[in-house]
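Scroll down for the structure; my scribbles are underneath it.
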Amino acid sequence: MTRISTLAQKFAIRIRFERIKKKLSQEKLAELAGIGRSTLTQIEGQTSSPTLDVVEKLAKALEYEPYELLIFNNLQI
């Protein structure tokens with residue numbers, strides 16, 4: 001298993017939380033963000049760290065500013 005940073009772990013948890021909150025499948029969020037579903041699966045599965053471009057795309061698809069997805073108040077990993 002690839003080791004990713006704590007920041008990437010927290011981001012993965014936050015993305016999954018926001019996706020579920022908005023009732024989106026991984027396939028639909030990936031489509032909205034213009035990324036591959038496998039890329040999203042790797043991010044959420046904490047096996048890959050997203051690039052800044054992917055962070056920006058996911059934020060836009062979830063209707064956030066990128067920095068907002070990096071706020072982890074009360075997030076447990």
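Screening Ser38 on (1) hydroxyl-bearing (Ser, Thr, Tyr); (2) assigned to a helix (DSSP H, G or I); (3) in contact with a helix residue (DSSP H, G or I) (Cβ under 8 Å, 6 or more places away or on another chain) shows it passes everything except condition (3).
Which one is modelled with the lowest pLDDT, of the residues in the stretch 61-72 that are in a loop (DSSP other than H, G, I, E, B) and surrounded by 14 or more Cβ atoms within 10 Å (Cβ to Cβ)?
Step one: filter the stretch 61-72 for residues in a loop (DSSP other than H, G, I, E, B), giving 62-65, 71-72.
Checking which are surrounded by 14 or more Cβ atoms within 10 Å (Cβ to Cβ) leaves us with 62, 64, 72.
Working: Leu62: 98, Tyr64: 97, Phe72: 86.
That would be Phe72.
Pairs meeting the criteria (first residue in the stretch 1-25 and among the hydroxyl-bearing types (Ser, Thr, Tyr), second residue assigned to a loop (DSSP other than H, G, I, E, B), beta carbons under 6 Å, at least 6 apart or on different chains) are Thr2/Thr47.
Out of Ala30, Ala59, one residue alone is touching a Lys or Arg at 6+ places or on another chain (Cβ under 8 Å), without any contact (Cβ under 8 Å) to a residue 24 or more places away in the chain and aliphatic (A, V, I, L, M). It is Ala30.
Residue-by-condition table, conditions (1) in a helix (DSSP H, G or I); (2) surrounded by fewer than 18 Cβ atoms within 10 Å (Cβ to Cβ):
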residue: Phe17; (1), (2): yes, yes
residue: Leu24; (1), (2): no, yes
residue: Lys28; (1), (2): yes, yes
residue: Pro50; (1), (2): no, no
residue: Ala59; (1), (2): yes, no
residue: Asn74; (1), (2): no, yes
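Among the residues of the stretch 1-60, those that are among the β-branched types (Val, Ile, Thr) and more than 20 Å from Phe72 (Cβ to Cβ) comprise Thr2, Ile35, Thr39, Thr41.
The values are calculated or read from the model by the stated rules, or taken from the named source; none is laboratory data. Just so it is clear, the structure is predicted and the values come from calculations on it, not from any experiment. Cβ atoms come from the backbone with ideal geometry, glycine included; neighbour counts cover every protein chain shown.
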